[in-house]
1. Please state which of the following conditions D39 fails to meet, knowing it meets all the rest: (1) exposed (fewer than 14 other Cβ atoms within 10 Å of the Cβ); (2) touching a strand residue (DSSP E or B) at 6+ places or on another chain (Cβ under 9 Å); (3) not hydroxyl-bearing (S, T, Y).
2. Specify the residue that is farthest from V54 (Cα to Cα); the eligible residues are those in segment 3-19 that are part of a loop (DSSP other than H, G, I, E, B) and charged (D, E, K, R).
3. Out of E63, E22, which single residue is touching a residue at least 60 places away in the same chain (Cβ under 8 Å) and either under 16 Å from the mean Cα position of the chain (by Cα) or assigned to a helix (DSSP H, G or I) (or both)?
4. Going by what's in this entry, would F38 be described as more than 11 Å from the chain's Cα centre (by Cα) and at pLDDT 70 or above?
5. Just the residues that are of a type in the set (S, T, Y) and in a helix (DSSP H, G or I), please, taken from segment 25-55.
6. Do you know which residues across segment 24-36 are crowded, with 17+ Cβ neighbours inside 10 Å and either within 18 Å of V11 (Cα to Cα) or charged (D, E, K, R) (or both)?
7. Can you name the residue in segment 45-60 that is β-branched (V, I, T) and free of Cβ contacts under 8 Å to residues at least 24 places away in the same chain and, of all such residues, is nearest to K4 (Cα to Cα)?
Amino acid sequence: MKNKLRIFRAVHRLTQEELAKELGVSRHTIIAIENERFDPSLSLAYRMAGLFGVTIEAIFLHEMKHPPAYPTMQAGQITSPGFTKDDGPGGP
């Protein structure tokens, strides 16, 4: 996953070792995340965001590799076969 961890670490003047120690992970983990070879757990991502005082989205940039396997719905639409928007309460 693309990320700005290296930038945030530099702005806060932390070495990889110092950041790893603050987060309770190995330096190898920090290197792998910065090089986009490893995606952190949600828990670790929250700890990073908290440490830097930003949101997870400020550090990590999510890119969808594949479109969702399910249809998307707009408000008021039901996309399941056999149902229409009139099949709910107050329908026909």
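1. Checking D39 against (1) exposed (fewer than 14 other Cβ atoms within 10 Å of the Cβ); (2) touching a strand residue (DSSP E or B) at 6+ places or on another chain (Cβ under 9 Å); (3) not hydroxyl-bearing (S, T, Y), the one that fails is (1).
2. That would be R13.
3. E63
4. In short, yes.
5. Within segment 25-55, T29, S43, Y46 meet the criteria.
6. Passing the criteria: I30, I33, E34.
7. I56
The values are calculated or read from the model by the stated rules, or taken from the named source; none is laboratory data. Computed from a predicted model, the values in this text were never measured in an experiment. So basically every Cβ, Gly included, is an ideal-geometry build from the backbone, and we count neighbours across all protein chains shown.
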